Each structure stands twice: as structure tokens, then as C-alpha cells.
Amino acid sequence: MPSAQDAPGERPPGRAPLASLTPEQRAWTATLRTLAARRLRPLAEAAEPGRVNRPLVAALGEHGLLARLFPADGVVRAVDLCLLREALAQECTEAETALALQGLGAHPIAASGTEEQRARWLPEVVAGRAVAAFALSEPEAGSDAAALRLRAEPVGASGPPGPSGASNPSGWTLHGEKQWISNAPEADFYTVFARTRPDAGARGVTAFLVPADRPGLGGRPLRMLAPHPVGLLTFDGVPVGPDDVLGEVDGGFGVALRTLDLFRPSVGAFAVGMSRAALRVALAHAGERHAFGGPLKDLQAVSHQLADMATRTEAAALLVHAAATAYDAGEPGVAGRSAMAKLYATETAQYVIDAALQIHGARGLEQGHLLEHLYREVRATRIYEGATEVQRTIIARELYR
């Protein structure tokens, strides 16, 4: 991706370090930015757009970033995830996205998988050898995830009755489609959410770990606004068994919600990173570009806009870090805080990047310019992992809880 046009780790002029970060955290994020700019960005630039970048994923493993995401003690920390995503996003959005997708696809295994599932897949994910994917969305079930239709049809019966009163099957076959799935159809395994109880809403969904080589599993890539690896998956009688269940049968919606509660603030962190990159180039351009007898920064219309961009970015960052800290501390109201962080930070990033583009004028629209790149990148953040409107619904519901 295009450079943010300043030295990695350098703060924008006139901005003090965030009070919410320790000196150690600030040093770590500066190191991450340097790594992203020098080691990861060249791998991103050399790759084919719209495909899984396996050398980049391998580099995330080689440099220990995936190990930081999935530490040896098994506890995924929201603060570390947010700092990783914010720092990488400032220098290489492709690296940020590759790391986030590894986390999103593999977190259900870390949090809800069996010892055997974790032993089989997590070392491969941490090393950057296995590419993960989180398969929740469907053609008719995007924001309303409880409406998903992918069917898990039972095969045989064994054991005591399940939550619905019916006998537990000895296995299932999956039938239907998933759509807008990041890393599909090139991932090595998928966390797949399927309906095991018809007409049961959120209570009839089970999470399955589905390796990519299962018979009946197919798919094709989709071309999106930003050229990421996103695709459609087809399930034509894909076999899964009790050993593939993540968590409990019919408990998959909880697996999905716990994953999204962790990752929603980090989507906000991604947005904050992009906001910071856009603000830096806007500050540089406004200081160097002359019009109407002086630099753009001396025009009140421009200087006030820069002030608003900086203020909203800092507010978004503080909201993200507060939500992540609350998650790690196990505080109540995490769902509402996560939704607030994701809502405000992504809407802010859209505003900041658009304003930076306006300050640049036509040059910011040139293909290959950082702002042209960020303008395409930022739009999807207001949709995936719960659209802006869904976040407002979650926040309002939590206010009355």
C-alpha cells in the first residue's frame, strides 16, 4: 500500500501521546509500525490483489505477531489485539487485515475448542502456516445473524437427548451457502455456523470446525470495492461430526457473539489506525501546499477541519482502548462498550479520510495515493461485524438492560 509519508513511529505534529497508553505500550506500537513499514508492506505490495497473501501471513507468524494474538497461556487479550491492529493499520492495511482474519477465524477454537482441536490448529495458525476464516454471513443473513439458513442435517443418532429433547446425531451434513467470507475460498479451515434446530432462532445454531478439504465444500472469490480475499462458500452435503463441534451443540450463537464482542473494539482500532494515517498526510499537505497567498493550514476552514479530525480521532482511540480494557477486566456491559467503540471509530474514520481527501483535492484521488487506498478500505468497516445501525441497536438495548 502507499506510504503514510512519515517515519514509522513518529507522532503527528502537535499531538501528545495518549494518556491511556503506558510508555511500554507506546514503544511497542512504534516498533510494530517500523516492522510493518519495512518488512510487511513490501510483501503486501508484491502480492496479487484479492488473493490470500500466504507470504504475508507467514511473516506475521515469523515476527511473533500471531503468537501475541494467541499467547501461550491461552488468553486472547483485547488490548493487545487493538494495539496490534491500530499500529499495523497506520503502515500496512493488508498486514492488519491478514492478522485480524487469523484471529477472527481461530478465536472460536482458542475459546471454545477441545484440546484436540486446539492442538491440531492453533500452532499452525500462530506459525502462519494455516489460514483461518470465520464463516457466519449468508446471502439472506448478514446483520441478522440469527436468521442464518445453512442446514446441518442429522445423520444417525447416539447418546442422550440434546437440548431440544431429540437424540443427539452421530454426525451432520451441511447444505447451503455462506457469502462475503474473508479468506474464502482459499482458507485452510473455516469456523462455520449452521442451523441444527429449525425454527429455533439463535438457540438452534451450532459452530463447526470445517477443514477446507472436506468433500462437498466449494466456493468462488467475489470482487469487492477493496481488493481483499473475500468469497462465497457452497456446502453440498459436507460431512461434520461431534469432533468438529466448537463448544456445545445448539450453542454456536454464543460462540459467535463472544468472538464478536472481542473483535468489535479491534475493528475500531483498525479504523483509528487509518484515521491517524489520513490525518498525518493531511497535516503534511496543509503545511506544504500554498494557495491564496499562504499555506492551506493558515486558512481557517482548513485549520478548523484539521482540529476536528484530530479531536475525533483521539476520542475514538480512547473509546476503543476503554472498551478493550473493560473486556480484559471482565467488566459488565462489554457488549455495549464494544458496540460504542466500533460505531464511533468507524464512523470517525470515514469522516477523517473523506476530509483528508477534500483537503488534498484531485491528487488524493489518484490511483496509488494513500488516501485513495484508505478511501476504499474504510467503507467496509461500517458494515462488517455488525453494521453501524446494528451497533446502535445493541447500544440502545444495553442502556435498558
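Every number in this text was worked out from the coordinates using simple rules, so none of it is lab data. Note that this is a predicted model, so its numbers are computed, not measured. Don't worry about glycine lacking a Cβ; one is built from the backbone with ideal geometry, like all the others, and counts go over all protein chains shown.
Taking 0.36 nm per residue of sequence separation and subtracting the Cα-Cα distance, how much length would be gained by fully extending the chain between residue 30 and residue 223, in nm to one decimal? Each step should come with its number before you reach the end.
Details: separation 193, 0.36 × 193 = 69.48 nm, distance 3.37 nm.
Full extension of this stretch gives 66.1 nm more.
For residue 73 and residue 291, what does the FRET efficiency come to when R0 = 45 Å and r is the distance between their Cβ atoms, rounded to the nearest 0.05?
Plugging the Cβ-Cβ distance into 1/(1 + (r/R0)^6) gives 0.20.
Could you derive backbone 3J(HN,Hα) for the stretch 174-187 from the dihedral phi with the Karplus parameters 6.51, -1.76 and 1.60 (θ = phi - 60°), listing whole Hz in sequence and x where the residue is Gly or Pro?
Karplus-based 3J(HN,Hα) across the stretch 174-187 equals 9, 9, x, 9, 10, 9, 6, 9, 5, 6, 7, x, 9, 5 Hz.
With runs of 4+ DSSP H residues as the only contributors, calculate the mean residue ellipticity of the chain at 222 nm using -39,500 (n - 2.57) per run, divided by the residue total and rounded to the nearest 500. Can you show the working numbers first?
On the way: 12 runs with 193 residues, N = 401.
The helix-only estimate for the chain comes to -16000 deg cm²/dmol at 222 nm.
Which of 224, 309, 274 has the fewest other C-beta atoms within 10 Å, and how do the rest follow up to the most?
224, 309, 274
Spelling out what I want: for every residue of the stretch 98-115, take phi, set θ = phi - 60°, compute 6.51 cos²θ - 1.76 cosθ + 1.60 (Karplus), and round to whole Hz; glycine and proline get x.
4, 5, 4, 5, 4, x, 5, x, 9, 4, x, 6, 4, 8, 10, x, 7, 4
How many angstrom lie between the Cα centre of the stretch 14-73 and the Cα centre of the stretch 102-130?
20 Å
For the stretch 215-231 and the stretch 271-295, what is the separation of their C-alpha centers, rounded to whole Å?
The stretch 215-231 and the stretch 271-295 have Cα centres spaced 36 Å from each other.
Once both labels are modelled 7 Å past Cα along the beta-carbon direction, what's the residue 358-residue 396 spacing in nm?
Reported label-point gap for residue 358 and residue 396 is 2.8 nm.
In a Gaussian network model over the chain where Cα atoms closer than 10 Å are linked, find which of 147, 324, 291 has the largest mean-square fluctuation.
Result for the chain, Cα springs under 10 Å: 291 fluctuates most.
Of the DSSP beta bridges with both residues in the chain, give the percent that are antiparallel, rounding to the nearest 5.
That works out to approximately 85 percent antiparallel.
Based only on other Cβ atoms within 10 Å, what is the fewest-to-most ordering of 170, 182?
Listed from fewest to most nearby Cβ atoms, that is 170, 182.
Would you kindly calculate the translational diffusion coefficient of the stretch 132-251, applying Stokes-Einstein with the Kirkwood radius from alpha carbon pairs, for 10 °C and a viscosity of 1.306 mPa s, and quote it in µm² s⁻¹ without decimals? Walk me through the numbers before you get to the answer.
On the way: Rh = 14.4 Å.
Rounded to a whole number, D works out at 110 µm²/s.
Can you work out ³J(HN,Hα) from phi for every residue in the stretch 85-95, in order, using Karplus 6.51 cos²θ - 1.76 cosθ + 1.60 and θ = phi - 60°, giving whole Hz and x for Gly and Pro?
Ordered by residue, 3J(HN,Hα) equals 5, 5, 5, 5, 4, 5, 10, 7, 5, 5, 5 Hz.
Rank these for me by crowding, 384, 400, 375, going from fewest to most other beta carbons within 10 Å. Spell out each step's value before the answer.
Working: 384 18, 400 5, 375 21.
The order, fewest Cβ neighbours first, is 400, 384, 375.
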